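Just so it is clear, none of the values below were taken in a lab; they were calculated from the coordinates. Computed from a prediction, not measured in an experiment: that's the story for all the values here. Here the Cβ is made from the backbone with ideal geometry for all residues, glycine too, and neighbour counts use every protein chain on show.
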Amino acid sequence: MIVASQKPVEEIRETLKDYKKVLIAACGTCVTVCLAGGEKEAKELAALLSLSGEQEFKVVTPERQCDAEFLAEFDKDVRQADAVLSMACGAGVQFMAERCAGKPVIPALNTSFLGVNRDVGYWTEMCQGCGNCILEKTGGVCPVARCSKSHFNGPCGGSSNGKCEVDPSIDCGWQLIYDRLKSLNQLHRLYEIIPPRDWSTSRDGGPRKLRRTDVVTEEV
Amino acid sequence: MKVIVVGKSKYRDAFQSALRDAELEPVAVETAAGLKNLPEELPVVLLYDANLSPLIMEEGAAEKAVSVLKPQDAVVFLMDRDEDANPHIEYRVLETASRLASAKRRVTVLLRSCRAPDERFDDLYRIARQKGVTFIRYESLDITENEGIYTVVARDGKLSVSIDTPLLVDCGEKPSWELQEFSDALRLRTYDGGRISGNRWFLNQGATFKRNVRLVDTAALSGDIQRIMPALVKDILALEKPAQEKTAFVDAEKCAFCYTCFRVCPHSALGPDHGAAAMKVNDLLCEACGICVAICPASAIEFKAASPAALGDKPADAASGEPAGAASGDKPTDDTLGNKPAGAAAEDRRRTAEVPKETAGGKLKIFCCENSAFIIAKEALAGTDVKVESVPCGKDIEIEPVPCGGDTDIEPAPCGVNIDIEPVPCGGAVNAAMMANALRSHDRVMVAVCCEDACRHRDGNKRCIKQVERLKSRLDSLGYDSGRLSYVRTGVTMVEIFKEAALKALAGGEMK
């Protein structure tokens with residue numbers, strides 16, 4: 001899922017200072033699960049920002065801000081507000097902004113990564129959405145997301161005792177790959193050279209689009 | 001009524017027989033795997049033969065061990081190292097120490113706390129002192145070993161004592177992998193190292209954090225099963241009804257199925273309902289602590305009255321499905337809490353939540369844990385004008401203004417100052433939104449939670465304090481006076497501490 005964290009509250013207040021009526025739009029999916037932008041966080045933020053007594057806040061929670069139908073339910077609330085504080089990921093904030101003509105839409109979160117929930121309140125990055133998955137070659141551990149340098153053919157010289165030179169709290173991605181392949185009895189896979197890759201499927205190709213033509217009957 | 005008897009204890013057959021005599025149906029389960037697919041709320045008796053040092057358990061073993069020592073060698077019994085010793089261990093240690101001291105041995109008992117202040121303990125302690133046993137209370141220990149000689153340095157925060165001994169008897173229970181396996185299979189919340197009761201033996205022997213699981217430490221019984229049977233049977237029969245008149249309720253429409261409640265519930269009362277793609281509360285296991293209500297990121301959990309069928313003989317109005325004194329503060333103004341809402345109201349509630357309007361409040365608002373601070377609030381706040389904001393289900397409180405002064409030595413409470421009290425089922429039921437909303441209507445806000453280790457919901461007190469600290473830091477970031485928000489750890493006998501904290505909060509200070 002998409003993992004995000006809330007911006008410092010003083011930064012949020014600064015971005016909202018020119019608006020009297022603020023609609024706080026929580027998001028009911030990924031950022032709810034990662035405790036950053038769900039209804040509970042939105043209510044807490046509203047209560048905290050209301051302490052000044054100078055602004056009015058209303059909290060709404062679309063199921064997702066990345067689907068127009070869910071946003072449409074709140075068009076009326078948006079019209080009544082001077083600005084919208086979106087507690088969605090960057091995608092949700094932008095989609096909300098597209099819909100709110102003439103209305104400022106302000107982000108409340110810093111969208112961080114695609115990750116997993118390892119424990120209560122603890123998430124780690126697992127995927128960078130590069131658009132060309134090779135997890136079958138690397139024992140199910142992603143060299144793009146989990147090696148700090150995104151190396152494809154083994155660790156750099158900064159791997160020490162299984163840890164990364166970037167930060168000793170980071171596991172070396174290639175150590176993880178080695179350990180996992182060893183446990184699968186597939187160490188021979190390490191002899192297979194992964195060639196330099198075409199990053200056009202990732203960010204190098206510019207903003208990406210996806211279409212499933214089989215579910216489309218009229219071209220958009 | 002079926003009762004699962006878990007474990008390979010040598011007393012298992014005797015227990016099963018005693019349960020049958022009480023007209024219950026014991027079902028033996030020997031392995032953790034055998035617990036799979038059983039209904040989670042079935043009563044479970046977890047039989048456990050604690051693995052303790054033979055020097056305190058076996059007759060003559062201690063004498064044999066010291067017989068090879070030099071006459072001047074010290075013998076040290078170490079208690080409470082990982083968790084507070086069960087009373088029966090304390091008795092055995094005192095008896096053994098007295099016997100060795102009688103035989104002219106230098107005996108020292110190191111202990112962190114003694115929580116068995118009964119007559120038997122008093123007698124054994126007095127005898128041990130008379131025989132010459134030295135007792136040292138410690139807060140922290142350092143133990144080093146060199147060629148068979150242990151050097152124990154015990155500190156109590158002010159002084160330290162160093163003892164060299166060739167015989168250091170650790171009187172704690174050795175970890176049991178089998179018990180750990182059962183705990184995992186039963187989803188029992190444990191402390192670090194898999195300890196089930198932690199330092200809570202003094203509160204309720206044999207209680208676990210899961211209401212339907214009783215831990216029976218057979219080492220404590222010395223074979224006398226009948227001694228605990230009446231209480232055990234009573235506990236088992238109580239499981240036919242919910243623990244409280246209200247339980248947590250998950251609104252499946254709002255639930256994000258994130259498992260946060262599942263992971264934090266100290267009583268393992270929530271489980272997945274895959275059909276509804278939402279979490280579901282097991283009413284019979286819910287202890288209505290409100291931790292899940294406070295933490296749910298989708299605000300999908302609220303309190304409702306326990307189901308009429310489950311409550312049985314309760315009056316109709318107590319089981320009407322109306323909200324039951326929910327931990328309020330951030331509840332929506334349309335106030336459609338309660339059983340699963342339907343239609344337009346449900347739809348509206350799912351989508352919008354009004355920020356509560358600022359209301360005129362008193363000088364100080366205190367969120368009081370019902371298990372500690374709420375019980376002593378009347379006595380502690382005598383003299384002030386106390387208003388109880390909402391009385392929780394099944395509880396009654398009478399706080400009336402009484403003359404200033406009181407019978408304590410500390411500063412009297414000021415007359416006529418408005419203090420609003422909101423009882424909460426646990427400190428963990430208070431979230432940041434509730435506190436921030438209270439700060440909008442009150443000059444000061446305080447949260448009063450139970451002491452360290454005394455939370456009956458495991459870590460609700462710690463959760464609350466972390467929420468307070470985070471909110472204070474956010475208040476600081478916004479340039480507000482974070483001293484308006486404070487907390488105190490208290491207990492039912494700590495009236496003066498509660499009072500002092502409340503007066504300090506009124507004055508804008510905080511307890512250190």
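Provide a whole-number value for the mean count of partner chain Cβ atoms within 10 Å of the Cβ atoms in peptide B:474-485.
So the per-residue partner count for this stretch is 3.
Among A:V120, A:F95, A:G140, flag the residue with its Cα farthest along the positive direction of the charge dipole of the range A:45-157, charges on Cβ as +1 for Lys/Arg and -1 for Asp/Glu.
Final value for the positive-end residue is A:G140.
What ranking of B:Y48, B:Y150, B:Y138 emerges when the number of other C-beta atoms within 10 Å of each C-beta is taken as an exposure proxy, fewest first?
B:Y150, B:Y138, B:Y48
³J(HN,Hα) across the range B:440-449 via Karplus (A = 6.51, B = -1.76, C = 1.60, θ = phi - 60°), whole Hz, x for Gly/Pro?
Running phi through 6.51 cos²θ - 1.76 cosθ + 1.60 with θ = phi - 60° gives 6, 10, 10, 5, 9, 9, 10, 10, 10, 10 Hz.
Please list A:100-110, B:28-38, A:183-193 highest first by mean number of surrounding beta-carbon atoms within 10 Å per residue.
Highest to lowest by the protection proxy: A:100-110, B:28-38, A:183-193.
Using packing as a proxy for protection, rank B:288-298, A:205-215, B:121-131 so that the peptide with the highest average count of other Cβ atoms within 10 Å comes first.
Peptide ranking by packing, descending: B:288-298, B:121-131, A:205-215.
Which shape class applies to the range A:1-115: rounded if a/c is under 1.5, otherwise prolate when a/b exceeds b/c and oblate if not, where a ≥ b ≥ c are the square roots of the Cα gyration tensor eigenvalues?
Numbers: a/c = 1.66, a/b = 1.16, b/c = 1.44.
Taking the square roots of the gyration eigenvalues as a ≥ b ≥ c, the range A:1-115 is oblate.
Please compute the average number of Cβ atoms from other chains found within 10 Å of each residue's Cβ in peptide B:428-437.
Going residue by residue through B:428-437 and averaging, the value is 4.
Could you check what % of the DSSP bridge pairs in the protein assembly as shown are antiparallel, to the nearest 5?
40 percent
Return the Cα extents of the protein assembly as shown along principal axes one, two and three, sorted largest first, each rounded to a whole Å.
Ordered largest first, the protein assembly as shown gives principal extents of 95, 83, 56 Å.
Provide the percentage of antiparallel DSSP beta bridges, counting only those with both residues in chain A; round to the nearest 5.
Taking every DSSP beta bridge within chain A, about 50 percent pair in antiparallel fashion.
Per-residue mean of other chain beta-carbon atoms within 10 angstrom of the beta-carbon, peptide A:47-56?
Values: counts 15, 13, 3, 8, 9, 4, 2, 0, 0, 2.
That works out to 6 on average.
Which one, B:F374, A:A26, A:S169, is farthest towards the positive end of the dipole of the protein assembly as shown when Lys and Arg carry +1 and Asp and Glu -1 on their Cβ?
A:S169
Going 7 Å from the Cα of B:D73 in the Cα-to-Cβ direction, what parts of the range B:156-181 have a backbone nitrogen less than 12 Å from that spot?
Under cut-off, by backbone N: B:165-169.
Ranking B:K10, B:K387 by Cβ neighbours within 10 Å, fewest first, what do you get?
B:K10, B:K387
What order do you get for B:D84, A:D167, B:D156 when you list them from fewest to most C-beta neighbours inside 10 Å?
Ranking B:D84, A:D167, B:D156 by Cβ neighbours within 10 Å, fewest first, gives A:D167, B:D156, B:D84.
Quick one: length gained pulling A:K76 to A:N132 fully straight, 0.36 nm per residue minus the C-alpha distance? Display every interim value, and only then the final one.
Numbers: separation 56, 0.36 × 56 = 20.16 nm, distance 4.12 nm.
Computed gain between A:K76 and A:N132 is 16.0 nm.
Over the range A:130-203, what portion of Cα pair distances is larger than 14 Å, expressed as a whole percent?
58 percent
Report the Cα centroid-to-centroid distance between the range B:431-460 and the range B:27-61 in angstrom, as an integer.
37 Å
If packing is taken as the average count of other Cβ atoms within 10 Å, what order do B:448-457, A:114-123 fall into, highest mean first?
Output ranking for B:448-457, A:114-123: B:448-457, A:114-123.
With point charges of +1 on the Cβ of Lys and Arg and -1 on the Cβ of Asp and Glu, referenced to the Cα centre of the range A:2-112, which listed residue (A:S52, A:I2, A:F70) lies farthest in the positive direction of the dipole?
Checking the options against the dipole of the range A:2-112, the answer is A:S52.
Among DSSP beta bridges lying fully in the range B:54-213, give the percent that are antiparallel, nearest 5.
On the way: 13 of 26 bridges.
Roughly 50 percent of the DSSP beta bridges within the range B:54-213 come out antiparallel.
Could you give the angle, 0 to 90 degrees to the nearest 10, between helix A:39-49's Cα long axis and the longest principal axis of the Cα atoms of chain A?
Its long axis makes an angle of about 60 degrees.
How would the range B:54-168 be classified by its alpha-carbon gyration tensor: rounded, prolate or oblate, with rounded meaning a/c under 1.5 and the a/b versus b/c comparison settling the rest?
oblate
Using unit Cβ charges (K, R positive; D, E negative) and no other charged atoms, how large, in debye to the nearest 20, is the dipole of the protein assembly as shown about its Cα centre?
Rounded to the nearest 20 debye, it is 1160 debye.
Can you compute the modelled spin-label distance between A:R180 and B:S160, with each label point 7 Å from Cα toward Cβ, in nm?
4.7 nm
On a 0 to 90° scale, report how tilted helix A:173-183 is relative to the longest principal axis of chain A, with both axes built from alpha carbons and the result rounded to the nearest 10.
Rounded to the nearest ten degrees, it is 60.
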